[in-house]
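To start, the structure under review is shown below, and the notes come after it.
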Amino acid sequence: HAMLGFKAYVEQQLKICPNNGYKFLFVKDSPRVLCIYVLTNPVYFKSLTSMESELSMMMGLTSDLTARIRRFEGRIIRVEVPKPKDLCFSILDKDLPHREHKAAIGSDLDGRSIFVDLEQPLQAHTLIAGMTGSGKTILQKNMAVALSLANNVDYLRLCVIDVSKRGMRWKDLSCKAHLLHPIVVDEVEALKVLAWFTKELDIRSQKSFVPPAAPRYALIIDEFADLV
């Protein structure tokens, strides 16, 4: 239906037909977006990107959904069509690859897995922001599970602080062998844990070398603003 809408609109507005000014190549179905890859004449690119709202209407999208047109590579553009809720699907944890000291958090529009690599100095801290109910805690839990599956307990230890909900959302992880400390639900205990982590970080920074046998630590704080 989206491809028919695209075809009808460009024929009407740009006066071009398939195999003349453009050609559908292939389609990729991701959890929330359908991607249509189109080989097109570059002279039409600017016109197409300025028509996203009208094109969305022709594709039959509701007013809260808008198709996007992006360059892919060469003369290929990618038409990103957001899917209605009944056509969306989720990626299961077991379907994501596991890598040492990396947490798989999903896939991009081209189906490639996205990782948070905690061993990279520039990615040692990760902030997950979003409105209430958007899935921040679920993403944190997925990262914790991915890290525990990919790393030996002697190599990586986890610590979870959740003083806002008193650990209620983390009960299913309370039996994980990777937990360095029981899930922290008290503000006073949280301060002690943070002080320990700060001291440990200072020691390792002063040494400028972490012995290979020393475990890596991942600290997870749910509702960071409440703790602050």
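The table that follows gives values for the structure above.
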{"item": "Separation of the Ala214 and Gln120 label points, Cα + 7 Å toward Cβ, nm", "result": "2.3 nm"}
{"item": "Dipole in debye (nearest 20) - the chain, about Cα centre, beta carbon charges: Lys, Arg +1; Asp, Glu -1", "result": "560 debye"}
{"item": "Two-site label geometry, Thr49 and Glu200: point separation in nm, points 7 Å out along Cα→Cβ", "result": "4.7 nm"}
{"item": "FRET efficiency estimate (nearest 0.05) - Cβ-Cβ, Leu109 to Lys171, R0 30 angstrom", "result": "0.30"}
{"item": "Average Cα contact separation per residue, region 109-211, under 8 Å, 6 or more apart, as relative contact order %", "result": "18 percent"}
{"item": "Mean ellipticity per residue at 222 nm, deg cm²/dmol - from DSSP H runs of n ≥ 4 across the chain, formula -39500 (n - 2.57)", "result": "-8500 deg cm²/dmol"}
{"item": "Rounded to 10°, Cα long-axis angle of helix 187-207 versus longest principal axis of the chain", "result": "90 degrees"}
{"item": "Among beta bridges that DSSP assigns inside the chain, antiparallel share in %, nearest 5", "result": "75 percent"}
{"item": "Reported label for calculated P(r) over Cα pairs in 10 Å bins from 0, in percent given (1) 7, 25, 24, 17, 15, 10, 2; (2) 8, 34, 38, 16, 4, 1; (3) 7, 29, 30, 21, 11, 1, 0", "result": "(1)"}
{"item": "Zero-based 5 Å bins, Cα pair distances in region 37-148, whole percents", "result": "2, 9, 15, 15, 15, 14, 13, 10, 5, 1, 0"}
{"item": "Kirkwood hydrodynamic radius of region 118-171, Cα pairs, Å", "result": "12.8 Å"}
{"item": "Efficiency of FRET between Glu100 and Leu25 - r from beta-carbon atoms, R0 45 angstrom, step 0.05", "result": "0.80"}
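Since every read-out is calculated from the coordinates, none of them should be taken as a lab result. The model shown is predicted, which means the values in this text are computed figures rather than measured ones. Don't worry about glycine lacking a Cβ; one is built from the backbone with ideal geometry, like all the others, and counts go over all protein chains shown.
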